[in-house]
1. I'd like to check one number: the per residue accessible area of the range 1-99, probe 1.4 Å, reported in Å² as a whole number.
2. Within the set of other residues whose C-beta is less than 15 Å from the C-beta of Ala61, count the net charge using Lys and Arg as +1 and Asp and Glu as -1.
3. Can you compute 3J(HN,Hα) from phi for each residue in the range 24-32, using the Karplus curve 6.51 cos²θ - 1.76 cosθ + 1.60 with θ = phi - 60°, rounded to whole Hz and x for Gly and Pro?
4. With a cut-off of at most 14 other beta carbons within 10 Å, and DSSP calling the residue loop, which trypsin sites (Lys or Arg not before Pro) in the range 47-123 qualify? Please list them.
5. Given the peptides 109-117, 36-44, arrange them by the average over their residues of other C-beta atoms within 10 Å, most packed first.
6. Whole number please: convex hull volume per residue, Cα atoms of the chain, in Å³.
7. May I ask you to give the percent of accessible area on the chain that is carbon plus sulfur, with a probe radius of 1.4 Å?
8. Please list, in chain and number order, the residues 5+ apart from Gly72 or on another chain whose amide H is under 5 Å from its amide H, with Hs placed from the backbone.
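The values are calculated or read from the model by the stated rules, or taken from the named source; none is laboratory data. From a predicted model like this one, the values you see are computed outputs, not experimental measurements. Here the Cβ positions follow ideal geometry from the backbone for every residue, glycine too, while neighbour counts run over all protein chains shown. Just so you know, the surface numbers come from the protein's heavy atoms only, side chains and all, with ligands and any DNA or RNA stripped out. Shrake-Rupley method; radii C 1.70, N 1.55, O 1.52, S 1.80 Å.
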Amino acid sequence: QVQLVESGGGLVQTGGSPRLSCAASGRSFSFYMMGWFRQAPGKEREFVAAIRWNQGSTDYANSVKGRFTISGDSANNTVYLQMNSLKPEDTAVYYCAAKSTKTTSWSSVYDYWGQGTQVTVSS
């Protein structure tokens, strides 16, 4: 059974630079893609960033482009999200996701989800 476990969230000041981690277990080979999503209170879950392992290519939401960086280790199915220059509007529960299906979409058709980690940015 595949499990994704996020860590690294917490209370951060505006301008802070925390790093989120996501480790997958229960799978002996790499996913096709792993990504990060977030959900703020009262809002729908939204795409943040993703990485496609076979090419090492990445994609970002416009709201985080230039501030967040996704990276990881495909062999261990581990993905990170380095967040810089945090703003109060980045406050959300951040979810790690993974997919096996080879689709062109960066932001949908994910097969596995973590439980989420809260990131709260204080102003």
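1. 48 Å²
2. Charge balance near Ala61 sits at +1.
3. 9, 10, x, 9, 9, 9, 5, 6, 6
4. Lys65, Lys102
5. 109-117, 36-44
6. Output value, Cα hull per residue: 92 Å³.
7. With neighbouring chains kept in place, the figure for the chain is 45 percent.
8. For Gly72, whose amide H was placed from the backbone, the distant partners under 5 Å are Tyr80.
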